[in-house]
Amino acid sequence: MESNIIQNMDFNVNGNRLWNDLMALGKIGSGEDRGVTRTSFDQDDIKARKFLLNLLEQADLDPYMDEAGNIFGQIYGKNPEMPAILIGSHIDTVNSGGRFDGAMGVLMGVEVLRTMKEKGIKPDRTVKVVSFTDEEGARFDYAFVGSTALSGTIGAEKLKKDLASAVDGNGISYLEAMKSASLEGGYFSRINPDLLEQAQLRKNELKAYIEVHIEQGKVLESKNLGVGIVSGISGGEWAEVTISGEAGHAGTIGMAERKDALTAVGECLLAIEKIARESNGSVATVGKLDVKPGSGNVIPGRVDFTIDVRDISDKRRENTITKIYDSIREIAANRGLSCVIRPVQSVSSVMSSSMVIEAIQAALQEIDYPIHELPSGAAHDAMVMGELTEIGMIFVRSRDGISHHPEEWSSFEDVALGCEVLYRTTVRLL
Ligand SMILES: [Zn+2]
């Protein structure tokens, strides 16, 4: 049924042009078996940035880069005093990622602005597309750099401090990587980690931020829908836990005398899973275990593990987290072991703005497409931008829900549809 709608639709945007850009950008940083790898300010990220800048130049969209390396294109409004509309996402990837995560949203922004230009639309307010620096955090284990600089959520001084201490696998600090990128010259010359405060926008400079992103889940696929409206983005809490017992000889110490840290963690894992299941909404993951001394004939004396808990409801997430922490402490105590829980980071959920949701709904109605709202379990730049302005997101169906993987895929039809909905949403918000 949908394919009929798409074939009969008179689209404003040029789906073929967008798709060609997407496939061309996807070649940068791609290898036989490694998918697409463009981590912040590495050689392929620089190449991708140049590709995007060139695209913006060709479309006459007055590109520029800010101090944080965020790349912008724009159509100036007749009234520059009016708060602007910002559309965007990111072009960096995880290691061995796909062609769609981030890149699709940025290129859709370019396509929307390009289409507006071709149609001679002269908006009252300025409309911009942005490609944020480092959404994924793959190289330096520090994510959302560009959107954090733009929205000023943690302040420029804290961000500078964080970037000074973030290093990659080769010991290069974030600041050093930014400074060497600025040596590329041209648009890159403005990158300056010492002046990050200049990248920050004021609240009255933006009316809304809109992001289109692949869903990275299977909801739209299961509903047979190409696009959906994001109702909000789940917040999360991340923690590190250490369980300490006693290492000992695997042959000489009887079962009753043992203080095995790993069997305690085994009990913790099952408890965490049960608590999250019973919460009816929270998701909890233990993705990293470090067993010490890590020898086949030694009873594990210490285990460090991570916890990642997310939920669209902040209250429910806090409840889940409290139950998990209590249960870990109880399990350790019952086994005569000690435990230390260190919360690392906590981010609140962000709800999409009703103004943007209504504009997306109206856009979908115009093309007679079903409206479906769904929350985002993954974090996005929009979550950070939510601290600065009204945000809204459109999800595009992901094949088999796969992402952060070379097999990541969204169909041509769905990408074109997503872009058309973005175009109509943007024009409404102008
Ligand atoms: Zn992304």
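Near the amide H of residue 98, within less than 5 Å, lie the amide hydrogens of 36, 404, 405, all on another chain or at least 5 residues away, with H placed in the peptide plane. Relative to the dominant Cα principal axis of the chain, helix 103-118 is inclined by about 10°. Packing around the peptides 232-241, 98-107, 379-388, 253-262, taken as the average count of other Cβ atoms within 10 Å per residue, puts them in this order, highest first: 98-107, 379-388, 232-241, 253-262.
Close amide-amide hydrogen proximity is noted between residue 232 and 352, 376, each under 5 Å apart and 5 or more residues distant or on a separate chain (H modeled in the peptide plane; Pro and chain starts excluded).
May I ask what percent, to the nearest 5, of DSSP beta bridges between residues of the chain are antiparallel? Antiparallel bridges: around 70 percent, rounded to the nearest 5. Within the straight-line cut-off of under 16 Å between alpha carbons, the lysines reachable from residue 160 are 179, sequence neighbours fewer than 8 places apart in one chain being disregarded. Cross-link partners for residue 223 among the lysines, with Cα-Cα distance under 30 Å and sequence neighbours closer than 8 places in the same chain left out: 274, 315. Sequence-distant or interchain residues sharing an amide H contact under 5 Å with residue 87, placed H: which? Answer set, sorted by chain and number: 128, 129, 130, 210. Relative to the longest principal axis of the Cα atoms of the chain, the long axis of helix 156-165 lies at roughly 50 degrees.
What do you get for the angle between helix 412-429 and the principal long axis of the chain? Use alpha-carbon atoms, 0 to 90 degrees, nearest ten. So the helix axis and the longest Cα principal axis differ by about 70 degrees. Placing unit charges on each Cβ (+1 for Lys and Arg, -1 for Asp and Glu) gives the chain a dipole about its Cα centre, and among 426, 272, 53 the Cα reaching farthest toward its positive end belongs to 272. The lysines whose alpha-carbon is closer than 19 Å to the alpha-carbon of residue 78, local same-chain residues fewer than 8 away aside, are 117, 119, 122, 128, 207. Using Cβ point charges alone (K and R +1, D and E -1), the dipole size of region 235-347 about the Cα centre works out to roughly 20 debye. All alpha carbon pair distances within the chain were sorted into 10 Å bins beginning at 0; the resulting P(r) in whole percents reads 5, 20, 29, 24, 13, 6, 3, 0, 0. With every protein chain in place and a 1.4 angstrom probe, the accessible-area ranking of 92, 44, largest first, reads 44, 92.
Backbone phi angles across region 345-358, fed through the Karplus curve with coefficients 6.51, -1.76 and 1.60 (θ = phi - 60°), yield HN-Hα couplings of 7, 9, 10, 6, 5, 10, 8, 5, 6, 5, 4, 6, 4, 5 Hz in residue order; Gly and Pro are listed as x.
What the phi angles of region 120-136 give under the Karplus curve with 6.51, -1.76 and 1.60, with θ = phi - 60°, is a coupling list of x, 6, 10, x, 5, 9, 5, 10, 10, 10, 10, 10, 6, 5, 6, 7, 7 Hz, glycine and proline written as x.
The values are calculated or read from the model by the stated rules, or taken from the named source; none is laboratory data. Keep in mind it's a predicted model, so treat the numbers as computed, not measured. Because the Cβ atoms are built from the backbone with ideal geometry, glycine has one as well, and the counts that use them run over all protein chains shown. Calculation scope for accessible area: heavy atoms of the full protein, side chains included, ligands and nucleic acids excluded. Shrake-Rupley method; radii C 1.70, N 1.55, O 1.52, S 1.80 Å.
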